[in-house]
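The values are calculated or read from the model by the stated rules, or taken from the named source; none is laboratory data. Computed from a predicted structure; not experimentally measured. FYI the Cβ positions are ideal-geometry reconstructions off the backbone, even for glycines, and counts take in every protein chain you see.
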Amino acid sequence: MRRVGPWLSSVWMLTVMALLWVGCASRQTPVATLPSPIPTSRTAYGIASWYGPGFNGHRTSSGIIYNEDDLTAASVLFPLGSQVRVTNLANGRVVEVTINDHGPYLHGRAIDLSHRAAITLGMIGTGTARVRMDVLSAPAGGPPIGMRYFVQIGSFGNPANAQRVLERVTIYYPDARIIEAESGDAHYYRVRMGAFMDHSQATARASRLSSLGYPAEVITE
């Protein structure tokens with residue numbers, strides 16, 4: 001039998017040890033990748049506006065009295081009580097707000113910030129800003145972030161017609177309002193109610209309105 005020299009023997013031993021180390025390492029639990037602090041499904045982009053004068057001291061949709069000096073906001077993208085971090089994409093300024101009201105009621109707006117929150121974001125002068133909205137926390141049991149249910153009882157090209165319907169239905173439901181919408185060159189005025197937290201609430205409202213003679217339908221946005 002041919003004998004192996006000491007140098008080859010050392011190389012062989014090192015090779016075996018390396019293979020054993022790799023095998024052991026492959027059986028170790030891999031290091032976990034740190035999750036993103038804000039999941040993508042809980043992030044939204046849109047146009048922010050702000051409100052204050054004329055609303056200060058009024059009751060919000062959550063029942064809390066609106067104070068323009070608090071860090072709060074109105075939106076129908078997030079459940080009431082949600083904590084949302086808002087970033088002004090134009091200047092990078094950030095504010096954390098509590099969603100305590102429904103709104104905005106102007107088509108194309110995603111969130112209405114309190115006066116103080118708007119100051120923090122540096123958007124008082126411009127009035128609006130394109131923002132990123134990250135949900136930090138939300139009440140349990142609500143629908144997916146960004147999904148809300150509304151009841152619509154008409155879409156009109158003439159704002160006077162929408163106003164007449166609004167005046168009739170607010171006798172029964174004071175949360176009805178007119179939402180303006182555009183499609184190309186056409187302008188529409190939609191009479192809507194909501195947002196509702198779940199589909200059953202919206203369908204119940206639509207059924208009651210139908211019994212009163214209004215062509216109600218549930219809208220998901």
request  = Would you point out the residue of the range 180-213, among those that are hydrophobic (A, V, I, L, M, F, W, C) and surrounded by fewer than 17 Cβ atoms within 10 Å (Cβ to Cβ), that is farthest from Leu77 (Cα to Cα)?
outcome  = Leu212
message = Quick check on Asn100: is it assigned by TED's automatic domain parsing to the domain that holds Thr120, within 18 Å of Gly46 (Cα to Cα), in contact with a strand residue (DSSP E or B) (Cβ under 6 Å, 6 or more places away or on another chain) and buried (at least 20 other Cβ atoms within 10 Å of the Cβ)?
response = no
query = Which of the residues belonging to the range 56-75 are over 21 Å from Arg148 (Cβ atoms) and in a loop (DSSP other than H, G, I, E, B)?
reply = Asn56, Gly57, His58, Asn67, Glu68, Asp69, Asp70, Leu71
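Sort out which residues of the range 89-110 are among the polar types (S, T, N, Q), under 17 Å from the mean Cα position of the chain (by Cα) and either within 22 Å of Pro174 (Cα to Cα) or assigned to a loop (DSSP other than H, G, I, E, B) (or both), and write them in order of number.
Asn100
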task = Please go through the range 76-88 and pick out each residue that is surrounded by fewer than 23 Cβ atoms within 10 Å (Cβ to Cβ) and either at pLDDT 95 or above or assigned to a strand (DSSP E or B) (or both).
result = Gln83, Arg85, Thr87, Asn88
message = Is it the case, given these coordinates, that Ala216 is closer than 23 Å to Thr60 by Cα, surrounded by 15 or more Cβ atoms within 10 Å (Cβ to Cβ) and within 26 Å of the chain's Cα centre (by Cα)?
response = no
request  = Could you check Ser61 against (1) over 15 Å from Met123 (Cβ atoms); (2) free of Cβ contacts under 8 Å to residues at least 40 places away in the same chain and say which number it fails?
outcome  = (2)
query = Regarding Val151, is this residue in contact (Cβ under 8 Å) with a residue 12 or more places away in the chain and under 26 Å from Gly63 (Cβ atoms)?
reply = yes
ask   = Could you say whether any residue in the range 111-134 is within 13 Å of the chain's Cα centre (by Cα) and closer than 19 Å to Tyr66 by Cα?
value = yes
key: Inter-residue pairs, beta-carbon under 9 Å, first without any contact (Cβ under 8 Å) to a residue 40 or more places away in the chain and in the range 111-138, second in a strand (DSSP E or B) and of a type in the set (Phe, Trp, Tyr), 6+ apart   = Ile119/Trp50
